[in-house]
Amino acid sequence: MTMATLELKVPEVGESITEVEIGDWLKRKGDPVNKDEPVVTLESEKATVELPAPVAGTVTEVLKKKGETAKVGEVIAIIEHNGRQPAPSMRAVSSAQAPKPSPETRVMPAAERVLAERQLRPEDMQPTGPGGRLLKEDVLRHPAEQVGRAVPAAPPPKPSAEPPVARESPTPQPAPAAATTDRPEEVVPMTRLRRTAAERLVHAQQTTALLTTFNEADMSEVIALRKEHGEAFLQKHGVKLGFMSFFVKACVEALKEVPAVNAEVRETDIVYRNYYDIGVAIGGGKGLVVPVLRNAERMSFAEIEVGIADFARRAKESKLKPDELHGGTFTISNGGIYGSLLSTPIVNPPQSGILGMHAIQDRPVAREGHVVIRPMMYLALTYDHRIVDGREAVTFLRRVKEFTENPSRMLLEI
């Protein structure tokens, strides 16, 4: 059968991006690969994406190592295509015996520490990670009876024919300090995505006049609506009714009333946007990403929740598209899902505002002369004081509070 080779090239991964950083190789030299099966991850300044194989075949050459850069269009691997579909990879067959590590097996740092602690060798393990990587879990699964190896005892000294000679006891010497083993360190290079995020955050602090204002919202009505209609919402739309859709809707309405928070500084001009592209901060597999809900003012509650759920799923799989991560006009960050009670989020330039949501806590509040317990959430608005005045920021945040405390106003658009 005639064999054909195909060059695996770096594709276009987004506007203005000319090069990427090579991430993890999911396939190694000699590995079979199916069509559309991921071969390698590519990290750009905006996203981490997986590059799939365009054909089925075998990876015959890997031309770039992890951490190296490659330009768009550059060849990074060679795939030999024989026109046949190769057998499924071992990690896709649960009943198959996992392969033994080869000399090229990559031992992950956490696994390396456990190997050292248990005095085991990596070649005795069965790797199950992507591309044959040895994981910590692989070492922990190793049979306990094989942990530690018996060291043969030294042979007893032969008796000497000479009579023993009395010797003076040597002066005791201080014992050498024990090697420090309880303070390990792990050095991991920053991904291109995290480096870019760090640079932008520092740039935002240095070039904008950031200020944060706070308020709090009584979440009783939103919680009651979710409890009353949550099950029907899930059955109809296939997604849970979360808190984020209420805040996206509330922010859109507030932005319409306070357009400066939806604007940006462009050189010596202020650009007011009459559309509302809301970025939603999501913790992905490679760090924080902010995909954008385009024209959120046209979206229903269900469309918002479906969109956010889709973003969250693909963020964990590193499958967000670069054009989904830029162009937002305002951002919402929900630190409450991690338990944050209060924070001051940083604006994502060139935007002029970001809303920080926080954990909901039952707290005593005054209502009509009585102290009652209500589920309260602190809200924080960080804004660029160059174009957003304090009065506008406070007004915006108060409107968000009013809409979330009385969500029927958003439904009636009043």
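Only one of these conditions is not met by Asn295: (1) touching a Cys at 6+ places or on another chain (Cβ under 7 Å); (2) at positive phi. Which number is it?
Asn295 satisfies every listed condition except (1).
Tell me yes or no: at least one residue of the stretch 340-359 is under 17 Å from the mean Cα position of the chain (by Cα) and among the β-branched types (Val, Ile, Thr).
No, the stretch 340-359 contains no residue that is under 17 Å from the mean Cα position of the chain (by Cα) and among the β-branched types (Val, Ile, Thr).
Just one of Arg200, Arg273 is more than 28 Å from the chain's Cα centre (by Cα), surrounded by 12 or more Cβ atoms within 10 Å (Cβ to Cβ) and more than 19 Å from Asp310 (Cβ to Cβ); which is it?
Result: Arg273 is the single residue among Arg200, Arg273 that is more than 28 Å from the chain's Cα centre (by Cα), surrounded by 12 or more Cβ atoms within 10 Å (Cβ to Cβ) and more than 19 Å from Asp310 (Cβ to Cβ).
Only one of Ala315, Ala302, Ala366, Ala309 is within 24 Å of the chain's Cα centre (by Cα), surrounded by fewer than 22 Cβ atoms within 10 Å (Cβ to Cβ) and not in a loop (DSSP other than H, G, I, E, B). Can you tell me which?
Residue meeting the stated conditions: Ala309.
Identify, from the list Leu320, Leu288, the residue that is touching a residue at least 60 places away in the same chain (Cβ under 8 Å), in a strand (DSSP E or B) and in contact with a strand residue (DSSP E or B) (Cβ under 8 Å, 6 or more places away or on another chain).
After applying the criteria, what remains is Leu288.
Only one of (1) in contact (Cβ under 8 Å) with a residue 24 or more places away in the chain; (2) out of contact with any Cys (no Cβ under 8 Å at 6 or more places or on another chain); (3) more than 30 Å from Val372 (Cβ to Cβ); (4) surrounded by 13 or more Cβ atoms within 10 Å (Cβ to Cβ) fails for Gly238. Which number is that?
(4)
Would you pick out the residues in the stretch 323-336 that are at pLDDT 90 or above and either of a type in the set (Val, Ile, Thr) or not in a helix (DSSP H, G or I) (or both)?
Residues satisfying the conditions are Gly328, Thr329, Phe330, Thr331, Ile332, Ser333, Asn334.
If I go through the stretch 4-54 residue by residue, how many of them are closer than 24 Å to Glu324 by Cα and in a loop (DSSP other than H, G, I, E, B)?
17
So if I check each of Ala198, Ala217, which one is of a type in the set (A, V, I, L, M), part of a helix (DSSP H, G or I) and either free of Cβ contacts under 8 Å to residues at least 12 places away in the same chain or not assigned by TED's automatic domain parsing to the domain that holds Gly67 (or both)?
Ala198
State whether one or more residues within the stretch 91-107 are modelled with pLDDT of 70 or more, in contact with a helix residue (DSSP H, G or I) (Cβ under 9 Å, 6 or more places away or on another chain), crowded, with 16+ Cβ neighbours inside 10 Å and part of a strand (DSSP E or B).
Yes, because at least one residue in the stretch 91-107 is modelled with pLDDT of 70 or more, in contact with a helix residue (DSSP H, G or I) (Cβ under 9 Å, 6 or more places away or on another chain), crowded, with 16+ Cβ neighbours inside 10 Å and part of a strand (DSSP E or B).
The values are calculated or read from the model by the stated rules, or taken from the named source; none is laboratory data. Keep in mind that this is a model prediction, so the values were computed, not measured. Glycine gets a Cβ as well: all are built from the backbone with ideal geometry, and neighbour counts include every protein chain shown.
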